[in-house]
Amino acid sequence: MSHPSGHPASLAYPWFVVAILMIAYVFSFVDRQILNLLVGPIRADLGISDTQMSLLMGFSFAIFYTILGIPLARIADSRSRRGLIVAGLVVWSAMTAFCGLARHYWQLLLFRIGVGVGEAALSPAAYSMIADYFPPERRSTAMSVYSMGIFLGSGLAFLVGGLVVQYSVAQGIVVLPLLGEIRPWQTVFLILGVAGVLFSFAFLLVREPPRQGVVAGQDSLPFSEVVSYLWAHRRAVLSHNVGFAMLALCSYGTTAWIPTYFVRSHGWTAAEIGIVFGLEVLVFASAGIIIGGRIADRWIRQGHSDAALRVGVLAGLITLIGGAGYLLAPSGTIAAVALVVPVFGLAMPFGAAPAALQEIVPNRMRGQTTAVYLFMTNMIGLGIARPRSR
């Protein structure tokens, strides 16, 4: 049975697919963010500078992740989205494992670029699949659940990283057959990479959904036609993309520099802030993105076509107030408590934002339009927020 719009009448299986996609996104963000809390041991072992470390954390990943997102999105608009996601998952997981074998800075840099290349395949295809599984009035919530993987992954990265820092003090170097000396930070990359490759088999349970409003076998539209369409609707597209890119700048910047801020300003250890901040992101950011999606869906049902933008404005106000709170806090404990507010606020709009794009473009442009959105948010968020000398 199908919904009159062509979407499945029962949403049980679509929600199962969202769960699988969300777990893939969790792997994506754990692999992406784990570097943030391993700065100390990596710098010590490889002898690299703050600026080099910042490039590893931001620009080297962001440039390939964002630029390659557009050609990969063209594949998502006309070929198997499931197959594209599996290929990307295997590539970025393998590159993550190779990060654990790096002995020099240039090797780690190349492997981080490889992680970005693989991860570029995920979201354009995932958002397009979800849009074909869910009707418009449910998409913001569905995409918020998928996008919750951002914060589950980031939170787990901080938690795992914090525990690894503690473990490294007690355990020291491990010698493995064929691989030789493996330090604790390298072990983390190896475990994550192998786990991601194994998880790729879960996609055997995922079916490619029919594309709504598209004749089977049609090729993706030329990118020039996508650009022309977006230019014709530039007021809506630019206000959407630039606004959410500014929020992404705040989000990525906060995630990247909070550990260093607490270590240098409040005397916390990397392990302490990793565990505390990881728990806050896991709980409050996950709650924020789900609540933001629910609010957007409710406003859409009430006839507000700009629901995603409204959620973005609300998120910005919450973040502004909360950000001032933790920066002005007199102690680390109070700052950690106040940090809950911007963590919640910054997460709110990032399920509603991609859902809104699915409504303003034809099906065969969804992947490429999402890639343009991700290009802007990630080049500004990842590329600007992180590559700074500390």
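Length available on full extension from LEU205 to SER228: 0.36 nm per residue minus the Cα-Cα distance, which gives 4.5 nm. Put a plus charge on the Cβ of each Lys and Arg, a minus charge on the Cβ of each Asp and Glu, and nothing anywhere else: the dipole of the chain about its Cα centre is then about 340 debye.
Would you mind ranking VAL18, VAL343 so that the residue whose beta carbon has the fewest other beta carbons within 10 Å leads the list?
VAL18, VAL343
Place +1 on the Cβ of every Lys and Arg and -1 on the Cβ of every Asp and Glu in the chain, take the dipole about the Cα centre, and give the residue among SER251, ILE334, LEU357 whose Cα lies farthest towards its positive end. So the residue we want is LEU357. Hydrodynamic analysis of the range 23-80 uses the Kirkwood radius over alpha carbon pairs. Inserted into Stokes-Einstein at 20 °C and 1.002 mPa s, it gives a translational diffusion coefficient of 161 µm²/s. Extension gain for VAL90 to TYR13 (0.36 nm times residue separation, less C-alpha to C-alpha distance): 25.3 nm. Between the listed residues GLN368, GLN33, PHE61, the Cα displaced farthest toward the positive end of the dipole of the chain, a dipole computed from Cβ unit charges relative to the Cα centre, is found at GLN368. The value for the chain of Rg(Cα) / (2.2 N^0.38 Å) is 0.96. Taking each DSSP H run with n ≥ 4 as -39500 (n - 2.57) and averaging over every residue of the chain yields -24000 deg cm²/dmol at 222 nm. Of interest is the spacing of the C-alpha centroids, which for the range 262-335 and the range 184-208 amounts to 29 Å.
Placing a label point 7 Å from the Cα of SER305 along the Cα-to-Cβ direction, the residues of the range 124-141 whose backbone N falls under 17 Å from that point are 136-137. For the pair ASN363 and VAL242, a Förster radius of 25 Å applied to the C-beta separation gives a FRET efficiency near 0.55, rounded to the nearest 0.05. The share of alpha-carbon pairs in the range 36-135 lying farther apart than 25 Å comes to 29%. Taking other Cβ atoms within 10 Å as a rough exposure proxy, SER140, SER154, SER54 sort from fewest to most as SER54, SER154, SER140. Going by a ≥ b ≥ c, the root eigenvalues of the Cα gyration tensor, does the range 280-390 fall in the rounded group (a/c under 1.5), the prolate group (a/b larger than b/c) or the oblate group? In terms of gyration-tensor shape, oblate. Using only alpha carbons, the range 274-325 has a radius of gyration to Kirkwood radius ratio (Rg to Rh) of 1.08. Among VAL281, VAL17, a tally of other beta-carbon atoms within 10 Å of each Cβ gives an order, fewest to most, of VAL17, VAL281.
Only the coordinates and a few stated rules stand behind these numbers; no lab work does. Keep in mind that what you see is a predicted model, and the values were worked out from it rather than measured. Using ideal geometry, Cβ is built from the backbone for each residue, glycine included, and neighbour counts are taken over all protein chains shown.
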